[in-house]
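Asks: Take a look at the following structure, please.
The values are calculated or read from the model by the stated rules, or taken from the named source; none is laboratory data. Only a predicted model underlies this, so the values are computations on that prediction, with no experimental measurement involved. Cβ: placed from backbone, ideal geometry, glycine included. Neighbour counts: every protein chain shown.
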Amino acid sequence: MDATGPITRACSRLPAAWRKQRVIMHADMDAFYASVEQRERPDLKGRPVIVGGPRDARGVVAAASYEARAHGVRSAMPLRQAARLCPHAEFVTGRMRLYSDVSQKVMRVFGTYTPLVEPLSLDEAFLDVTGCERRFGTPHEIADHVRAAVRAAVDLPISVGIATNKSVAKIASTLAKPDGRRVVPPGSEQDFLDPLPVRMIWGIGPKSEARLAARGIRTIGELSRHDPSRMRELRKPTTLARGFDPRDVESDRAAKSVGNEVTFSHDTGDLALVLRYLRQLADHVARRLRAKRLAGRTVVLKLRYADFRTITRQVTLKKATDQTRAIFGAIRDLLGREARGQDVFRLVGVHVTGIEPVSSRQLSLISRTERDPRPLEIAMDEVRTRFGDAVITHAALLGSSARLDRERYAWREDVLG
Ligand SMILES: [Mg+2]
């Protein structure tokens with residue numbers, strides 16, 4: 001319908017069931033990185049595309065086009081396994097900067113519908129579109145509007161779920177994929193959820209799924225009828241399985257975490273080498289924070305061992321930081337406490353959480369303190385922005401074995417709001 005049409009006409013078109021209900025949308029780009037690559041390279045259209053790195057690299061699949069998924073390829077699967085399943089796929093190294101540019105355009109489109117946008121990652125967000133019927137009509141029509149606007153802005157497919165709460169909306173968008181929409185009217189939540197597998201509920205991972213299966217609970221309907229007092233960690237998922245989710249769309253949430261990880265091309269027990277990688281990761285995370293004028297209080301070290309055992313260790317600093325030195329200092333201490341001589345690592349990561357915006361007042365206070373590394377780091381950021389990463393790096397990173405070769409690593413960036 002015409003977005004500028006008479007308000008009264010649009011109002012009268014809101015189905016009775018939706019009155020006095022929240023209208024929550026979950027919008028999720030389809031196979032985002034792979035779709036961007038297909039858009040950029042027309043020769044990839046209609047072909048299996050796997051984003052993550054070369055087919056023989058040791059990283060994991062960051063995104064797979066639907067043509068590749070038809071062969072069983074999934075996100076987070078090792079690239080080599082993907083290559084066995086789909087040998088004729090095109091393997092592409094991710095271009096995070098491009099994806100994040102596209103993401104910003106998509107988020108801007110969302111913002112034209114409602115100020116209540118909560119990004120969950122680069123390619124998905126919750127939107128509270130309650131009240132939007134005045135301009136955009138029924139929930140079905142709002143979904144179509146948003147999908148068409150995203151298509152017009154970035155020429156990419158997106159799927160949309162609409163329901164009265166976040167949990168149901170997110171499941172609806174998953175079922176709408178690819179390039180579709182699904183609306184779950186108020187009152188029909190339980191019928192919608194009942195036949196679906198329990199793993200579609202937030203908080204049900206492979207472990208809980210197995211424990212539930214052992215008790216004969218496989219569908220959301222079965223979970224909804226289960227008494228959660230016997231498995232306390234399932235209290236929240238059971239509420240969601242009953243179609244309830246009181247959480248609001250939190251538009252003012254800034255980035256929840258900023259992080260980078262690297263998978264080594266060969267497992268390594270060389271702690272000095274691991275530290276040099278962690279230094280570079282800390283530097284990259286700090287740069288991303290500074291670029292967004294953010295700082296974080298909690299520094300998280302992630303370690304995956306050769307046997308795939310994965311741990312995180314964290315420390316909360318006295319005040320939020322955006323500085324390589326502070327982040328790396330915390331990471332080095334955490335590694336020092338955790339590492340044993342015989343450890344062999346497969347992946348390491350640096351994340352910063354407890355994110356807050358840096359006010360200009362804080363900036364001026366900090367830059368007056370003595371021995372502050374900030375002016376140097378900002379100057380380095382500027383040089384690298386203009387001339388590329390290879391031009392300048394911290395002295396501790398120099399040395400041939402420590403240079404990050406992005407072509408050969410699965411480079412994973414968490415998401416920013
Ligand atoms: Mg997606």
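Asks: For the structure I just gave you, tell me whether ARG276 is modelled with pLDDT of 90 or more, part of a helix (DSSP H, G or I) and either among the basic types (Lys, Arg) or under 22 Å from the mean Cα position of the chain (by Cα) (or both). Break it down stepwise before answering.
Replies: On the way: modelled with pLDDT of 90 or more: yes; part of a helix (DSSP H, G or I): yes; either among the basic types (Lys, Arg) or under 22 Å from the mean Cα position of the chain (by Cα) (or both): yes.
Yes: the conditions hold for ARG276.
Asks: Taking region 99-142 only, how many residues are within 16 Å of the ligand (Cβ to nearest atom) and in contact with a helix residue (DSSP H, G or I) (Cβ under 9 Å, 6 or more places away or on another chain)?
Replies: So the count comes out to 18.
Asks: So which of ALA210, ALA176 is among the small types (Gly, Ala, Ser), more than 27 Å from GLY349 (Cα to Cα) and in the same structural domain as LEU120 (by TED's automatic domain parsing)? Steps first, please.
Replies: Details: ALA210 fails: in the same structural domain as LEU120 (by TED's automatic domain parsing).
Being among the small types (Gly, Ala, Ser), more than 27 Å from GLY349 (Cα to Cα) and in the same structural domain as LEU120 (by TED's automatic domain parsing) holds for just one of ALA210, ALA176, which is ALA176.
Asks: Let me ask something additional. Report yes if some residue within region 170-182 is away from the ligand (no atom under 16 Å from the Cβ) and touching a helix residue (DSSP H, G or I) at 6+ places or on another chain (Cβ under 7 Å); otherwise report no. Show your work before the answer.
Replies: Residues of region 170-182 that are away from the ligand (no atom under 16 Å from the Cβ), as a first pass: none.
No, region 170-182 contains no residue that is away from the ligand (no atom under 16 Å from the Cβ) and touching a helix residue (DSSP H, G or I) at 6+ places or on another chain (Cβ under 7 Å).
Asks: Also, quick follow-up: Could you grab me the full set of residues in region 126-146 that are touching a residue at least 40 places away in the same chain (Cβ under 8 Å) and either part of a helix (DSSP H, G or I) or among the basic types (Lys, Arg) (or both)?
Replies: GLU133, ARG134, ARG135, PHE136, PRO139, HIS140, GLU141, ILE142, ALA143, HIS145, VAL146
Asks: A further question follows. Residues of region 39-57 being crowded, with 23+ Cβ neighbours inside 10 Å and not hydrophobic (A, V, I, L, M, F, W, C), which ones? Please lay out each step first, then the result.
Replies: Within region 39-57, the first condition is being crowded, with 23+ Cβ neighbours inside 10 Å, and the residues that meet it are 48-53.
Selection gives PRO48, GLY52, GLY53.
Asks: Please specify each residue of region 322-348 satisfying the condition of being among the acidic types (Asp, Glu) and closer than 14 Å to VAL300 by Cβ. Please lay out each step first, then the result.
Replies: First pass over region 322-348, keeping only residues among the acidic types (Asp, Glu): 322, 333, 338, 343.
If the condition is that a residue be among the acidic types (Asp, Glu) and closer than 14 Å to VAL300 by Cβ, then ASP333, GLU338 are the ones that fit.
Asks: Restricting attention to region 224-242, which residues are within 27 Å of the chain's Cα centre (by Cα) and either in contact (Cβ under 8 Å) with a residue 24 or more places away in the chain or outside any helix (DSSP H, G or I) (or both)? Working first, answer last.
Replies: Initially, region 224-242 is screened for residues within 27 Å of the chain's Cα centre (by Cα), giving 233-242.
Residues satisfying the conditions are GLU233, LEU234, LYS236, PRO237, LEU240, ALA241, ARG242.
Asks: Taking only region 228-278 into account, find how many residues are of a type outside the set (Asp, Glu) and more than 30 Å from PHE126 (Cα to Cα).
Replies: Of the residues in region 228-278, the ones of a type outside the set (Asp, Glu) are 228-232, 234-244, 246-247, 249, 251, 253-260, 262-266, 268-269, 271-278.
Add one more test, that the residue is more than 30 Å from PHE126 (Cα to Cα), and what stays is 229-230, 263-266, 268-269, 271-278.
Here the count works out to 16.
Asks: Then there's this: Please specify each residue of region 291-319 satisfying the condition of being within 21 Å of the chain's Cα centre (by Cα) and outside any strand (DSSP E or B). Write out each step before concluding.
Replies: In the first step, residues of region 291-319 are kept if they are within 21 Å of the chain's Cα centre (by Cα); the result is 291-304, 310-314.
The answer is ALA291, LYS292, ARG293.
Asks: Still on this structure, I have one more. How about region 146-185: which of its residues are more than 24 Å from the chain's Cα centre (by Cα) and surrounded by 19 or more Cβ atoms within 10 Å (Cβ to Cβ)?
Replies: As a first pass, look at region 146-185 and keep what is more than 24 Å from the chain's Cα centre (by Cα): 184-185.
The one that is more than 24 Å from the chain's Cα centre (by Cα) and surrounded by 19 or more Cβ atoms within 10 Å (Cβ to Cβ): VAL184.
Asks: Within the group ARG69, ARG39, which residue is basic (Lys, Arg), more than 14 Å from the ligand (Cβ to nearest atom), over 21 Å from VAL262 (Cβ atoms) and out of contact with any Pro (no Cβ under 8 Å at 6 or more places or on another chain)?
Replies: Numbers: ARG69 fails: more than 14 Å from the ligand (Cβ to nearest atom).
The unique qualifying residue is ARG39.
Asks: Only one of ALA17, ALA34 is under 16 Å from HIS88 (Cβ atoms) and either of a type in the set (Val, Ile, Thr) or outside any loop (DSSP other than H, G, I, E, B) (or both); which? Break it down stepwise before answering.
Replies: Values: ALA17 fails: under 16 Å from HIS88 (Cβ atoms).
Only one candidate qualifies: ALA34.
Asks: Step by step: first the residues of region 147-165, then only those that are within 13 Å of the ligand (Cβ to nearest atom) and assigned to a loop (DSSP other than H, G, I, E, B), then the one that is nearest to PHE192 (Cα to Cα). Which residue is that?
Replies: In this case the residue turns out to be PRO157.
Asks: Hey, can you tell me all the residues within region 44-66 that are within 25 Å of ALA149 (Cα to Cα) and more than 16 Å from the ligand (Cβ to nearest atom)?
Replies: Of everything in region 44-66, those that are within 25 Å of ALA149 (Cα to Cα) and more than 16 Å from the ligand (Cβ to nearest atom) turn out to be LEU44, LYS45, GLY46.
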